[in-house]
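Inspection log for the structure reproduced underneath, given as structure tokens.
The values are calculated or read from the model by the stated rules, or taken from the named source; none is laboratory data. What you are looking at is a predicted structure, and each value in this text was computed from that prediction instead of being measured. When we count neighbours, we look across all protein chains shown, and the Cβ atoms used for this are built from the backbone with ideal geometry, even at glycine. SASA here: full protein model, heavy atoms, side chains in, ligands and nucleic acids out. Shrake-Rupley method; radii C 1.70, N 1.55, O 1.52, S 1.80 Å.
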Amino acid sequence: MLVTHRIGHRPVRAAAATITLAAAIMLAGAAGVSAAPSTGSSGSSDSGSSSGSGTGSGGSGSSIPRSKPCNQSTQSGGEGVTDTLHHLGTSGPTSFVLAYETYRIPDQIEVFYQGSLVHNTGYIGDDINQGTGSVVVALPSGTATSVLVRVTGPGGTDWEYTVNCPTS
């Protein structure tokens, strides 16, 4: 039998969830991701790092994104929204190359720096060019050393991208 104690009018579990959420928001803010909208995820897989439910690109809709170094490919086969925090090793102003492949089904790739949208590919990918491309993403002055990349795709999608490390 589950017994909950009350703090005022709130169960202890609700208070603990509130504290956990506050800690997650503080962690995301410290990483420079504070104002990026949170939309969760409906599932994906990733080669080369942990994935699964509860972390940004894996399943449960958590607002805490998974984390990866630059120069490491990020892949998914799932629909929905996938957030990944990429560590660049330097703060802005700087720039990096975002290389992507969205194949036949269009996906949108957005890059956020310190909570602000700095690049949006729009929905890219079709039967002709398969969504193959790259773009130089310029970051403004700032203190964060990471960018948040958000990929949004419909059912049946498959995509991959790489945030290359800045060269300067």
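Details
- Of residues in the stretch 56-75 being modelled with pLDDT of 75 or more and either open to solvent by less than 20 Å² (accessible area, probe 1.4 Å) or among the hydrophobic types (A, V, I, L, M, F, W, C) (or both), the one nearest to the chain's Cα centre (by Cα): Arg66
- Within the stretch 94-123, being among the polar types (S, T, N, Q) and within 17 Å of Val136 (Cβ to Cβ) holds for Thr94, Ser95, Asn120, Thr121.
- Subset of the stretch 116-168 (residues that are over 17 Å from Pro69 (Cβ atoms), touching a residue at least 40 places away in the same chain (Cβ under 8 Å), open to solvent by 20 Å² or more (accessible area, probe 1.4 Å) and of a type in the set (Ser, Thr, Tyr)): Ser116, Ser141, Thr143, Thr152, Ser168
- Considering residues of the stretch 76-102 that are part of a loop (DSSP other than H, G, I, E, B) and modelled with pLDDT of 90 or more only, the residue most open to solvent (accessible area, probe 1.4 Å): Pro93
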